[in-house]
Amino acid sequence: MDAATRDAVRKRAADCCEYCQRRQEVSPLVPLQIEHVVPRKHHGSDDLDNLALACTECNLHKGSDLTGIDPDTGKVVRLFNPRLDRWDEHFAWDGLRIAGRSPIGRTTIRLLQLNGPARLRVRRATGID
C-alpha cells in the first residue's frame, strides 16, 4: 500500500479510529493502523473504499471477522462498516462507554470489546467522554 493511500485514509478519518473514535494524539507511541474492512482473506481489496483507520485494539479484536453475535438477540449480525455506515446511527457515547443503538452497534461493541477495562482506563485518563 503506497503512502498516498495511507495518507488519504488518515485524512478521511481525521486521525481517529473509525470504530472506537480514539484519536491518534491520545496514543502517540502506537500509530493508528490501516485496516481492511473486508479482509484480504475474504477477497477484500486495497481500494480506499475498503480501508479504514483503526487503533491497535480494534484492529486486533476485529481480525478477519465480518460478523458477530448480537448480545441482545443471539442472532448473527454483520459488523459496523465505516465505509457504509454512519457511526452515530449505530453508537452513542454514554459517559466513557460506547452504547449500541442497533444490532450492528451492539455486535461491534461486543466483538471489538469497545468498553473493555483497558479502554475505559484510557478514556478516563485522557478525559474522553
Condition set in contact (Cβ under 8 Å) with a residue 40 or more places away in the chain and β-branched (Val, Ile, Thr), scope region 1-37, selection surrounded by the fewest Cβ atoms within 10 Å (Cβ to Cβ): answer is THR5
Only one of these is touching a Pro at 6+ places or on another chain (Cβ under 7 Å) and under 22 Å from MET1 (Cβ atoms): ALA52, ALA14. Name it. ALA52
Just one of (1) in a strand (DSSP E or B); (2) over 20 Å from ASN115 (Cα atoms) trips up LYS41, so point out which. (1)
So which residues in region 93-129 are over 19 Å from LEU60 (Cβ atoms), touching a helix residue (DSSP H, G or I) at 6+ places or on another chain (Cβ under 8 Å) and without any contact (Cβ under 8 Å) to a residue 60 or more places away in the chain, if there are any at all? LEU96, ARG97, ALA99, GLY100, ARG101, SER102, ILE104, GLY105, ASP129
Given the conditions (1) touching a helix residue (DSSP H, G or I) at 6+ places or on another chain (Cβ under 7 Å); (2) of a type in the set (A, V, I, L, M); (3) over 18 Å from ARG106 (Cα atoms); (4) modelled with pLDDT of 95 or more, report the number of the one that VAL30 does not fulfil. (4)
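The values are calculated or read from the model by the stated rules, or taken from the named source; none is laboratory data. The structure presented is a predicted model; accordingly, all values stated were derived computationally and were not measured. Because the Cβ atoms are built from the backbone with ideal geometry, glycine has one as well, and the counts that use them run over all protein chains shown.
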